[in-house]
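The next block holds one structure in the form of structure tokens; read it before the comments.
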Amino acid sequence: MFVDFDGTIADIVMDPARAVPRAGAAQLLEDLAGSVGRVGILSGRPLAFLESFFGDEIALAGLYGLETRIDGQRRDHPQAGAWREVVDDVVACASQKGPEGMRVESKGLSITLHYREHPEAEAKVDRFAAQQAARSGLECRRARMSVELHPPIRADKGTALLSLAEDLESVCYFGDDVGDLPAFDALDQLATDGVHTVRVVARSEESSPAMLERADVIVDGPDGVMSLLGKFVTRVVAPAG
């Protein structure tokens, strides 16, 4: 059982630093972790942010797998460290010279440029991100009302999911935006190997048609996710107890 964070078990907020998981979400996941093969969070958030909410029972893949904590052991992607200074330079440039209305979120190994508070700035943020990518060697990735700049390393929610799902017979993933599509692609790959897979989309007004088309199950935002997780706990954990 693997879930995204923002928009899935946490509400979308204007200031990313103020995001928190829904009340009871961590407990539901911990309850499931004691009864299924593995429970994990796959997120664009830094590992340190995720660790403030979830104990060692929950596997964590932060920054799309550039940082992980599995069975309590923290690891960075072996190619990631060399990019920290590059990211720091782009963060400084974005903070000083970025377009008006853009919020800069530094994540250590990546940077997110938000325009949620000023949707009219989307085009300017896109151009600025593309310029910084060309200058720095980082890669642009679309996200929810934002653009992310990442090291050119093959690490996304798909590669993270494949690593965490090794040897599992059934895999379910909850996501909400285009950053979760690589995880859906990974589920397709697992399915060809005989793994039973389920794609759950937390629908919102900002949902991409591509996400909804790929869904096996659609629920209404974090409310729907919490309800479905609660049903899993009732059916999986309670009988075992």
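Values quoted throughout were computed directly from the atomic coordinates according to the rules given, and no laboratory measurement underlies them. Bear in mind that the values here come from a model prediction, so they are computed numbers and not experimental data. All Cβ positions, even for glycine, are placed from backbone atoms using ideal geometry, and neighbour counts span all protein chains on display.
Each Lys and Arg Cβ is given +1 and each Asp and Glu Cβ -1; about its Cα centre, the range 81-150 then shows a dipole of about 120 debye. Each label point was placed 7 Å from the Cα along the Cα-to-Cβ direction; for Lys97 and Leu212 their separation is 4.0 nm. Put in line by how crowded their Cβ is, counting other Cβ atoms within 10 Å and starting with the fewest, Leu28, Leu168 read Leu168, Leu28.
For mean projected area of the Cα convex hull in nm², the listed values are (i) 15.7; (ii) 12.7; (iii) 14.4; which was obtained by calculation from the structure presented? Computed from the coordinates, mean projected area of the Cα convex hull in nm² corresponds to (ii). Exposed loop sites here mean GluC sites (Glu not before Pro) with a DSSP loop assignment and at most 16 other beta-carbon atoms within 10 Å; the chain contains its longest site-free run at 1-56.
Each part reduced to its alpha carbon centroid, the range 77-117 and the range 53-75 end up 22 Å apart. Each residue of the range 149-154 was assigned a 3J(HN,Hα) from its phi angle through the Karplus expression (A = 6.51, B = -1.76, C = 1.60, θ = phi - 60°), giving 10, 10, x, x, 10, 6 Hz with x at Gly and Pro. Sorted fewest first by neighbouring Cβ atoms within 10 angstrom, Ile111, Ile12 come out as Ile12, Ile111.
Pairs of Lys residues in the chain, spaced 8 or more positions apart or belonging to different chains, with C-alpha separations under 29 angstrom: 6 in total. The residues neighbouring Glu120, those whose beta-carbon lies less than 13 Å from its own, together hold a net charge of -2 under the Lys/Arg +1, Asp/Glu -1 convention.
How much mean residue ellipticity at 222 nm does the chain get from its helices, if each DSSP H run of length 4 or more adds -39500 (n - 2.57) and you divide by all residues, to the nearest 500 deg cm²/dmol?
On the way: 8 runs with 81 residues, N = 241.
Mean residue ellipticity at 222 nm (helix-derived): -10000 deg cm²/dmol.
In debye to the nearest 20, how big a dipole does the chain give about its Cα centre with +1 on each Lys and Arg Cβ and -1 on each Asp and Glu Cβ? Once rounded to the nearest 20, the dipole reads 320 debye.
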